[in-house]
1. Determine, from the Cβ-Cβ distance of LEU20 and LYS120 and an R0 of 25 Å, the FRET efficiency 1/(1 + (r/R0)^6), rounded to the nearest 0.05.
2. Using only the alpha-carbon atoms of the chain as identical scatterers, what base-10 log of I(q)/I(0) does the Debye formula give at q = 0.18 Å⁻¹?
3. Using DSSP, restrict attention to beta bridges with both residues in the chain and report what percent are antiparallel, rounded to the nearest 5.
4. Taking only the alpha carbons of the range 1-67, what extent do you get along each of the three principal axes, in Å, biggest first?
5. Give, in whole angstrom and from largest to smallest, the semi-axes √(5λ) of the equivalent ellipsoid of the range 44-142, with λ running over the eigenvalues of the Cα gyration tensor.
6. Farthest toward the dipole's positive end in the chain, which of VAL115, LEU172, ASN19, given Cβ charges of +1 (Lys, Arg) and -1 (Asp, Glu) about the Cα centre?
7. Find the centroid of the Cα atoms in the range 18-54 and in the range 70-144, then give the distance between the two in whole Å.
8. How big is the charge dipole of the range 6-198 about its Cα centre, in debye rounded to the nearest 20, if each Lys and Arg gets +1 on its Cβ and each Asp and Glu gets -1 on its Cβ?
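Readers should treat all values here as calculations from the given coordinates under stated rules, not as data from a laboratory. Note that the coordinates shown come from a computational prediction; the quantities given were computed from them, not determined experimentally. Positions of Cβ are backbone-derived with ideal geometry, glycine not excepted, and every protein chain shown enters the neighbour counts.
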Amino acid sequence: MSNTSLIYKNIKLYRILMNLLYFGKYKKRFNDIIKLFNTKITSVNELCFGDIYVANFCKKNNIKWAGFDINEDFIDYATKKGYNAKCQDIMKLDNLPKADICIIAGSLYHFYDNVEQVFKLMLNSSGTIIISEPIKNFSSSTGILGKIARISANAGKGNETFRYNKKSFIELIKNMKNKFNFDYRIIYEKKDILIIIENDRN
Ligand SMILES: C[S@@+](CC[C@H](N)C(=O)[O-])C[C@H]1O[C@@H](n2cnc3c(N)ncnc32)[C@H](O)[C@@H]1O
């Protein structure tokens with residue numbers, strides 16, 4: 001992980017940069033996800049969790065949380081706070097533990113060339129999947145925010161320039177729905193798109 005972006009080496013730096021890109025509203029991403037939890041939820045898997053806002057909420061509400069991320073520094077921060085965070089390349093997983101909900105936020109673009117595998121993992125583990133993904137991005141913009149967005153997306157495989165936009169994201173979800181047969185609901189489409197998927201495999 002030594003060649004990751006600087007912001008991936010420290011969660012506090014990561015928060016500062018994300019707040020810059022989200023005009024101070026980075027935490028809202030997680031609050032909007034949490035609002036979709038119903039009162040019966042007892043367990044959550046969070047893929048590429050990065051930060052611990054959801055973990056925090058789960059702890060306070062007696063919900064079992066498991067986080068998976070490839071970034072050792074983020075894992076270190078989470079485990080030192082007492083959270084069940086596993087250092088794991090999710091592309092190397094055959095299965096996830098069963099959980100009521102599986103979340104992936106701000107991260108699906110890392111897997112655009114293997115996204116079907118990520119969907120399979122999530123759908124096999126949970127009846128409810130929550131995806132929050134940026135669809136309006138600075139990474140293709142000129143100027144300082146564009147530069148920051150581009151150089152801050154190296155999770156270990158080099159600077160990644162691929163991002164979804166509204167059209168390509170909706171196309172992806174429709175393809176996945178055809179392949180895996182699930183229902184989905186778009187909660188909103190703003191800078192990020194937030195969707196909830198329900199499937200009856202679990
Ligand atoms: C842009 S950050 C998003 C973090 C957080 N979910 C958020 O919404 O701010 C992307 C996260 O994906 C993780 N990641 C990238 N590739 C991964 C992989 N193959 N397996 C597990 N985690 C990965 C990175 O380490 C990073 O924490």
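1. The pair LEU20/LYS120 has a calculated efficiency of 0.15.
2. The calculated log intensity ratios at q = 0.18 Å⁻¹ are -1.43.
3. Here the antiparallel bridges make up roughly 45 percent for the chain.
4. Projected onto its principal axes, the Cα set of the range 1-67 covers 40, 28, 16 Å.
5. With the √(5λ) rule applied to the range 44-142, the semi-axes are 21, 17, 13 Å.
6. Going by the Cα projections, it comes out as ASN19.
7. 12
8. For the range 6-198, the charge dipole is close to 620 debye.
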